[in-house]
1. Which of the residues spanning the stretch 311-340 are open to solvent by 60 Å² or more (accessible area, probe 1.4 Å), over 21 Å from the mean Cα position of the chain (by Cα) and modelled with pLDDT of 50 or more?
2. Being among the aliphatic types (A, V, I, L, M) and within 16 Å of ligand 2 (Cβ to nearest atom) is the requirement here; does L257 meet it?
3. Can you pull out every residue in the stretch 200-219 that is within 13 Å of ligand 1 (Cβ to nearest atom) and either polar (S, T, N, Q) or closer than 21 Å to G256 by Cα (or both)?
4. Within the stretch 160-272, considering only helices (runs of 4 or more DSSP H) that don't extend past its boundaries, which have at least 1 residues that are more than 22 Å from G47 (Cα to Cα)?
5. I'd like to know if the stretch 272-284 contains one or more residues that are in contact with a Pro (Cβ under 8 Å, 6 or more places away or on another chain), closer than 24 Å to R14 by Cα and not acidic (D, E).
6. Name the one entry in R269, R290, R283, R294 that is farther than 30 Å from T19 by Cα and among the basic types (K, R).
7. Looking at the stretch 162-220, which of the residues that are over 28 Å from G76 (Cβ atoms) and of a type in the set (D, E) is nearest to the chain's Cα centre (by Cα)?
8. Considering only residues of the stretch 44-59 that are more than 6 Å from ligand 1 (Cβ to nearest atom) and of a type in the set (A, V, I, L, M), which is farthest from K89 (Cα to Cα)?
Amino acid sequence: MKGIARLLEVDRLRIAFRTEQEEAVAVDDVSFAMGHGETIALVGESGCGKSVTSLSIMGLLGATGAVTNGEIRFDGSVVTEYGEAELRKLRGKEIAMIFQEPMTSLNPVMKIGEQIGECLRLHRKCSRKEAKRAAALLLKKVGIARPEAVAKDYPHALSGGMRQRVMIAMAMAGNPKLLIADEPTTALDVTIQAQILRLMKRMQEDRGMAILLVTHDLGVVAEMADQVVVMYAGQVVEEADVFTLFRDPRHPYTQGLIQAVPSIDGDGRRRAKPIPGAVPSPREMPEGCRFHPRCPYAVDRCRLENPNLQRIGEHHLVRCWAAHSSSLVPEELSDLGPVITV
Ligand SMILES: Nc1ncnc2c1ncn2[C@@H]1O[C@H](COP(=O)(O)OP(=O)(O)OP(=O)(O)O)[C@@H](O)[C@H]1O
Ligand SMILES: [Mg+2]
């Protein structure tokens, strides 16, 4: 049941943060859509606007941030018009979110079982005793051995991987249609990371839930995503299904990200080619194409005019003046390999 009706539509989204002196535009004209049960990955370096985009879906931009243009539709409703009460109903029940550092979302002075029980009681009417039993069941579902004992623990007693499992259990308590996972495995070592990703996939298959995965790790993207949205400096620069993105990346930024993944060469040496330079801050966006100062192919036009996102294939969009030119695809891209296996 993948992608039949649109579950989430982000349409020409613009997000700005206000300070006393100025307005900083963190996300500018971002659009993408996803269907029920689908996994879409938002990818890009630090500061590209991935978290801000995903937080805006749940109305969590804080006091200084706002959607200043465009809209977000979820399951047919315009959530960017929701008030706080409607947003509260949406969070947890319809859309759940997990973050890189579970400790920031767990209450340090409340036992794990009570926290999950509270989530359950928020979404359905049940007694404390029933909630306790359901919490233990959820802990078991997310692969925690001895769930009854862990339910009595406080968060600090658990390892990072266990905490992330608890977060997933809490997210599952409301049976959400969409799980937003912002760098869910970045703080974990590679083996635990693979286990958590596998768990997320299993939960998705069980429940038909969609996943919006925020990551800078292309290995995670290759394992998890159906569709990939590459963001640079607050804009979408390329969008494609996962196979097309890795086989035929057209934006020089996407190519750079792929080449920056460490790989083993013929002599058994590890090599990676980082993209020189850094993402510009919202306050110092370059004129023209936002990537041109770092782009090895930039020509005069790129310094003057920012290209629109153009469609170059059925599911392939690229924001580059040379999007149609295959001369942009360097030969070295043929030997890339995902870094982890789930
Ligand atoms: N509360 C805020 N106030 C002002 N600017 C903000 C705020 N939150 C984010 N920004 C700015 O918005 C831009 C996008 O930030 P965002 O956190 O979405 O990046 P990201 O792609 O998630 O990066 P990372 O990979 O480091 O998590 C950055 O330039 C950041 O400084
Ligand atoms: Mg982030």
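The values are calculated or read from the model by the stated rules, or taken from the named source; none is laboratory data. All figures in this text were calculated on a predicted structure; none of them were measured in a lab. Positions of Cβ are backbone-derived with ideal geometry, glycine not excepted, and every protein chain shown enters the neighbour counts. All accessible areas refer to the heavy atoms of the entire protein, side chains included, with ligands and DNA or RNA removed. Shrake-Rupley method; radii C 1.70, N 1.55, O 1.52, S 1.80 Å.
1. R311, E314, W321, H324, S326
2. Values: among the aliphatic types (A, V, I, L, M): yes; within 16 Å of ligand 2 (Cβ to nearest atom): yes.
Taking the combined requirement at face value, the residue satisfies it.
3. Pass one, the stretch 200-219, residues within 13 Å of ligand 1 (Cβ to nearest atom): 212-217.
Correct list: L213, V214, T215, H216, D217.
4. Details: elements: 160-172, 190-207, 218-224, 242-247, 252-259.
Here the list reads 160-172, 190-207, 218-224, 242-247.
5. If we filter the stretch 272-284 for residues that are in contact with a Pro (Cβ under 8 Å, 6 or more places away or on another chain), which is where we start, we get 272, 277, 280.
From the residues that got through so far, the ones that are closer than 24 Å to R14 by Cα too are 280.
Right, trim to not acidic (D, E) and you get 280.
Checked against the condition, which is being in contact with a Pro (Cβ under 8 Å, 6 or more places away or on another chain), closer than 24 Å to R14 by Cα and not acidic (D, E), the stretch 272-284 yields at least one hit.
6. Working: R290 fails: farther than 30 Å from T19 by Cα; R283 fails: farther than 30 Å from T19 by Cα; R294 fails: farther than 30 Å from T19 by Cα.
That would be R269, the only listed residue that is farther than 30 Å from T19 by Cα and among the basic types (K, R).
7. For the stretch 162-220, the residue satisfying everything is E183.
8. Filtering the stretch 44-59 down to residues more than 6 Å from ligand 1 (Cβ to nearest atom) leaves 45, 53-59.
From what is left, the residues that are of a type in the set (A, V, I, L, M) are 55, 57-58.
Values: L55: 15, I57: 13, M58: 10 Å.
Checking each candidate, the answer is L55.
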